[in-house]
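Here's the structure we're looking at; comments come further down.
The values are calculated or read from the model by the stated rules, or taken from the named source; none is laboratory data. This structure is a prediction, so every number in the text was calculated from the model and none was measured. With ideal geometry, Cβ positions are generated from the backbone for all residues, glycine too; neighbour counts draw on all protein chains shown. To get the accessible areas, we keep the full protein, side chains included, count just its heavy atoms, and leave off ligands, DNA and RNA. Shrake-Rupley method; radii C 1.70, N 1.55, O 1.52, S 1.80 Å.
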Amino acid sequence: MRIGELPYFIKWFILGIVIGIVAGLSALTFYFTLKLMEYIFMLKLVGYEIPEPLGEGGSLNYVFHAERIWLIPLSTMLGGLLSGLIVYTWAPEAEGHGTDAAINAFHRLQGRIRRRIPPIKLIASAITIGSGGSAGREGPTAQLSAGIGSMIADLFSLEPEDRRIAVAVGIGAGIGSIFKAPIGGALLAAEILYKRDFETEVIFPALIASAVGYVIFGSVVGFTPIFGYYMGTFNPARLPLYVVLGVVDGLMAILYVRTFYSVHDAFKRWRVSNYVKPVIGGAVTGLIGLLTPEVLGTSYGWLNLVEFNRVDAFVSPIIALPPLIILAMLPFLKIITTSFSIGSGGSGGVFAPGIVIGAFTGFDVWLILHYLMPGLAPDPAPFVIISMLAFFGAAAKAPIAVMFMVIEMTGSYQLLPGAMIAVAIAYLVSGDYTIYRAQVPTRRDSPAHAGEYRVPLLMEIRVGECRLVNEPVAHIDESASTALNRMLRYRFTVLPVVDHEGRYVGAINLYDVGGGKGVVRDYVRPMRHVEPESTLYDAISVMSEAGTTWVPVVSNGKLLGILTMENMNKAYSERLKKLRSS
């Protein structure tokens, strides 16, 4: 009997163990590759020893020292150059933050992730972060584990539904392993796919995989929580203060998302070589790093220092700034450096920077509250910890998973009541803003579940009733590199192809184009289309078969336009509204 034919719990118990082993080994591989890059760039080139978190051998007695501080911009620019060369030469879709790409694969690509992406993502991200780029190690680990999960699904000839689950399990197991937070990682696998829903079928295998990955990773690097242990007690009198903290974190989460995607979209529109963009992003990060080296890399060690009020460790090597001024600036500077490091095309995660931004925000709020009521807020640690989870729980739209992850990362459940209040407030304040664009609101909105919710009404609505778009379209005689750039700009993996008279001739796939050599004609493949008289159910069938979120609409051989899932949803919602009103 094939593994795909086994009962659900037996099948996913076996696959969960396999994916967990892969996730643990992937986390270890990336962890030590990153340490090597930090050694080469930061220690050998710049002469700067980055502070480590307590769970990885760090100390609270850290003193800043850098022998060649002026080389920081060179390091970050060199990292951007090497990362850009690797990514844009072999796998352009591996740029940016990997978790979002894995989420997109779940919803829109039937869980398919190109096999070359995991190793390229690993190397490019290690270089970006190790050279001083402001990014996290969870995104690369998530995409690495998710990519190998997709390969495992193909190896066992699993159905698309199971391949999607394998990808989601890989996301959670990879993040849970490298953060030493198996429960939070398992919940994240189910929650991070949606803005306000859970993928319940993922939870059981994710628990198995996260536990296995955690054991493998911890057996090598140790089981101490990444940020050490918080031993304080919970004070219910502080609950109103955590409400204030939640409001601030919600507003800062909006700022984080808007800044990140403003920079990201500006670089996408900028008509310069993709190889140059990460270098420019690295230059901005490096120049800010000269002023405040606390923003470079993951910043985990600085988080521990601020948690335990080691204010004297915070310095600006080129300007004599008071530590409190530096700490007031750090949340905003970390947002800017993360936006430029990743938004320019560099490779890394946005989860860990979000945790760090939240920690710095929590310290700044504590400073104000400590000045106003020192007896009620004597210690910054609870505000730092709760702000970490409230900020990124809101930004990632994953409040429950992030809450458990931060608790596991600090080894304490004492702050759980305050954390629940703060993250709920931050989640409400942040509204619909999310750092993961590939998320959809609920299962009902996911292409992966399209057939489960809309079949009866979709068989009544005609394609001709929907709004069509004219772009993006590839022309049969244009260069493949032009079509590839158009795919990346519009975030499409497949484009319809027309001839010089506008007749529909097929489609071109991102995975076939590769390096972009030759012309579009060399890569055209057949792809079914629909006509104006076809139903939306027919359109969804074509989308599901092709693994796209759009379908070509053709009449008398000519391409009329593209029907996207978004416009299908609008037509469906309008029809449903009319039915309800009548």
What ranking of K121, K268, K570 comes out by heavy-atom accessible area, probe 1.4 Å, highest first? K570, K268, K121
With a 1.4 Å probe and every protein chain kept in, tell me what percent of the accessible surface of the chain is carbon plus sulfur. 62 percent
Apply the Karplus parameterisation 6.51 cos²θ - 1.76 cosθ + 1.60, with θ equal to phi minus 60°, to every residue of the range 359-364 and state each ³J(HN,Hα) to the nearest whole Hz, in sequence, with x for glycine and proline. 5, 5, 5, x, 5, 5
In whole Hz, what ³J(HN,Hα) sequence does the range 217-225 give by Karplus (6.51, -1.76, 1.60; θ = phi - 60°), x for Gly and Pro? 5, x, 5, 9, 9, x, 9, 4, x
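Net charge near A126, counting Lys/Arg +1 and Asp/Glu -1 over other residues with Cβ under 11 Å of its Cβ?
Numbers: positive: K35, K121, R137; negative: E38.
Net of charged neighbours comes to +2.
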So what does S479 come to for accessible area, using a 1.4 Å probe and Å² rounded to 10? 40 Å²
Residue-by-residue Karplus 3J(HN,Hα) for the range 117-126, coefficients 6.51, -1.76, 1.60, Hz, glycine and proline x: 5, x, x, 5, 4, 4, 5, 4, 5, 4
When ligands, DNA and RNA are left out and all protein chains stay put, how many square angstrom of accessible area per residue does the range 265-357 have with a 1.4 Å probe? 30 Å²
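Using Cα pairs under 8 angstrom and six or more residues apart, how large is the relative contact order of the range 26-111, in percent?
On the way: 46 pairs, mean separation 16.2, N = 86.
It comes to 19 percent, rounded to a whole number.
Accessible area per residue for the range 82-155 in Å², computed with a 1.4 Å probe and the full protein assembly in place, what is it?
On the way: 1660 Å² over 74 residues.
Per residue, the range 82-155 has 22 Å² of solvent-accessible surface.
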For M409, M151, M231, M77, give me the order by solvent-accessible area with a 1.4 Å probe, most accessible first, ignoring ligands, DNA and RNA. M231, M77, M151, M409
Could you state the angle between the C-alpha long axis of helix 277-291 and the longest principal axis of the C-alpha atoms of the chain, as a value from 0 to 90 degrees rounded to the nearest 10? 10 degrees
Sorted by chain and number, the residues with a modelled amide H under 5 Å from that of G132, at a separation of 5 or more or across chains, are G297
Filter the cross-link list K558/K578; K11/K180; K35/K180; K121/K180 down to pairs whose alpha-carbon distance in this structure exceeds 29 Å. K558/K578
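Would you rank T224, T200, T33, T292 by solvent-accessible area, highest first, keeping every protein chain in place and using a 1.4 Å probe? Don't jump to the answer; show the numbers that get you there.
Working: T224 60, T200 90, T33 30, T292 0 Å².
The most accessible residue leads, giving T200, T224, T33, T292.
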Under 5 Å from the placed amide H of V554, counting only residues 5+ away or on other chains, we find V530, E531, L560
Rounded if a/c under 1.5, otherwise prolate or oblate - the range 262-381, Cα gyration tensor axes: prolate
Can you tell me how the range 51-193 classifies by the Cα gyration tensor, rounded, prolate or oblate, using a/c under 1.5 as the rounded cut? oblate
Nearest 5 percent is fine: what portion of the DSSP beta bridges confined to the chain is antiparallel? 80 percent
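When each pair of different Cα atoms in the range 483-582 is counted once in the 1/r mean, what is the Kirkwood radius in angstroms, to one decimal?
On the way: mean 1/r = 0.0681 Å⁻¹.
Computed over the range 483-582, the radius equals 14.7 Å.
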For Y504, tell me the accessible area in Å² from a 1.4 Å probe, rounded to the nearest 10. 30 Å²
Compute the long axis of helix 381-395 from its Cα atoms, compare it with the longest principal axis of the Cα atoms of the chain, and write down the angle in degrees, 0 to 90, nearest 10. 10 degrees
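Among rounded, prolate and oblate, which fits the range 139-286 when a ≥ b ≥ c are the square roots of the eigenvalues of its C-alpha gyration tensor, a/c under 1.5 means rounded, and a/b larger than b/c means prolate? Could the numbers behind the result be given before it?
Working: a/c = 1.64, a/b = 1.03, b/c = 1.59.
It is oblate, given that a/c is not under 1.5 and a/b is not larger than b/c.
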Estimated 222 nm signal from helices in the chain, with DSSP H stretches of n ≥ 4 weighted -39500 (n - 2.57), rounded to 500: -19000 deg cm²/dmol
1.4 Å probe accessible area per residue over the range 469-582, in Å²: 50 Å²
